[in-house]
Amino acid sequence: QVQLVVPMAVVFSPGSVPGDLPRPLPFRDVQEMEISVNLRTSVTSRYEMRYRSTTGQEEAALAAATAQEADAALHPLQDTTLGSLTMYVVPETSSLLPQGINVYVGKYRSALVRAVGSLAALQARLREVTQVMSFTASSIAAALSDRVPDGQLSPDARRYLKSSLGYEITFSLLNPDPKSHTVDWDIEGAVNSYVKPVLDKLSMVANFSVDSQILYYAVLGVTPRYDKESSSFLLSAHSLPHVINPVEARLGSSAASLYPVLNFLLYVPERSHSPLYIQDKDGAPVSTNAFHSPRWGGIMVYNVEAPASPQASLPLHVDVDMARVMEVFLAQLRLLFGLSREEVPPEFLLESPGNEGLADWELDHLLWAHTVENIATVSTTLTSLAQLLDKIGNIVIKDDVASEVYRAVASVQSAVTKLSLGHLHAAFQASKEAVTSSERAFFDPSLLHLLYFPDDQKFAIYIPLFLPMAVPILLSLVKIVRETRLHKKEPTKMD
């Protein structure tokens, strides 16, 4: 049984304290909620809330002109432990929050919450904030998607990448018509400017490697439809799945990779199919002219402006606007990691994470989900290993395999304990070690079941080898026994 504990500070500024507090500040309270996964499994979420008043420094920070300035000033004063949250309750008349906005979620691990009349109403609002900033029932269900009945999963649950110790990201430029277009893209500069800050933030979650390639004469494999009204070519939503396989065959051997590969493709349409636009299910053009494939990556179509004069010399030189391209690819990367911000109530204002690509609380959101998923993965792996060992009675378990199993069990128990204490970072590290040890044990070459034969197969193999030799040996033994008996029966002569 896994218990997720979120340490949470609720800080009241002057004029925001509800009138029905059960006891004077400071005091502690605990709220628990059960997240049901299936008939046998459930995850308990426990919010350990500490109510207190603001300090002098916090009051000075909350006197800032805007919520952004207050968030930046409060950051050095708050608990920055991974998985912890700090809620600053401001008066209903506070000008920090814009009109119609009741909650401001910053870039770090804190939020500004507009006060309401009663403690019960405030707790209901705080519950909404914690659902956004830590984890939800749907995010835990998505992490445990292998154990959740299909009917109970949200459509997005299968979109997110499975937890892994590493990921490989490949940016590919597809130029199917190099005779017409010479395409230049500053992929190295774009990765350093836009992708590296995001991956530096995500380095706590997994290891990342990035590479790029340019593929010539690589076509999409689907013929777009010509639209006379707009004088353009269209790719409909139902034809998009057929685009992936022909392109994937040209991308390189992702099968040789140890880790999941994320493919981000920039496609410059050939001259005979330009301009090319992607349509959604309703037939409307997609604003980004891109689409993504769950757990695979994304493709963006980059149209080239037609030359002003028909006599223009070919090939045309094209400089790719990398800022526009990377904006789309980073949005798709966030989507693949389950960091989309679609399920936010209208009275919530979420601060943009800026250059880093994700806020501190979004990183925690990812760590909660991956820790739970890692624990479930280790449980499944060790159960499968135990079933294998039960089936093969004569299997040999070497000391190093046994030690990996013991280490995996100890690490997963440590991860569960750390979660119940609210130590998210330590729990995640322990869950990663547990995954590594369980995988090493499960895939150890000495445990290949093909190395061990059932008894009936042994008889089938060895009888044809030994029976021809055994027959004369047995006949000789029978002859020796018979002669011995005859010799005993002969009467002995007496002198």
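Consider the stretch 62-89 and keep the residues that are of a type in the set (A, V, I, L, M, F, W, C) and in contact with a Phe, Trp or Tyr (Cβ under 9 Å, 6 or more places away or on another chain). The one that is surrounded by the fewest Cβ atoms within 10 Å (Cβ to Cβ) is Ala72.
Here Tyr51 meets the list (1) touching a strand residue (DSSP E or B) at 6+ places or on another chain (Cβ under 6 Å); (2) open to solvent by 50 Å² or more (accessible area, probe 1.4 Å) almost entirely, failing just condition (2). Among the residues in the stretch 28-40, are any of a type in the set (Ser, Thr, Tyr) and in a loop (DSSP other than H, G, I, E, B)? The answer is no; no qualifying residue exists.
The listed residues are Ser414, Ser437, Ser431, and the only one of them that is open to solvent by 40 Å² or more (accessible area, probe 1.4 Å), modelled with pLDDT of 90 or more, assigned to a helix (DSSP H, G or I) and not β-branched (Val, Ile, Thr) turns out to be Ser414.
Residues of the stretch 337-365 that are among the aliphatic types (A, V, I, L, M), over 24 Å from Asn263 (Cβ atoms) and assigned to a loop (DSSP other than H, G, I, E, B): Val344, Ala359. Residue pairs whose Cβ atoms lie under 6 Å apart, separated by 6 or more positions or on different chains, with the first residue in the stretch 196-219 and in the same structural domain as Thr170 (by the TED database) and the second outside any strand (DSSP E or B) and of a type in the set (Lys, Arg), are Leu215/Arg250; Ala218/Arg250. Taking the conditions exactly as written (buried (at least 17 other Cβ atoms within 10 Å of the Cβ) and either modelled with pLDDT of 90 or more or in contact with a Phe, Trp or Tyr (Cβ under 8 Å, 6 or more places away or on another chain) (or both)), does Ile101 satisfy them or not? Against the criterion (buried (at least 17 other Cβ atoms within 10 Å of the Cβ) and either modelled with pLDDT of 90 or more or in contact with a Phe, Trp or Tyr (Cβ under 8 Å, 6 or more places away or on another chain) (or both)), Ile101 does not qualify. Number of residues in the stretch 63-111 that are of a type outside the set (Phe, Trp, Tyr), assigned to a loop (DSSP other than H, G, I, E, B) and under 16 Å from Asp364 (Cβ atoms): the value is 10. Just one of the listed residues (Ser231, Ser209) is surrounded by fewer than 16 Cβ atoms within 10 Å (Cβ to Cβ) and either within 30 Å of Leu82 (Cα to Cα) or among the hydrophobic types (A, V, I, L, M, F, W, C) (or both), and it is Ser209.
The values are calculated or read from the model by the stated rules, or taken from the named source; none is laboratory data. Quantities reported herein were computed from a predicted structural model and do not represent experimental measurements. We place every Cβ from the backbone using ideal geometry, glycine too, and count neighbours over all the protein chains shown. These accessible areas exclude ligands, DNA and RNA; they are computed on the full protein's heavy atoms, side chains included. Shrake-Rupley method; radii C 1.70, N 1.55, O 1.52, S 1.80 Å.
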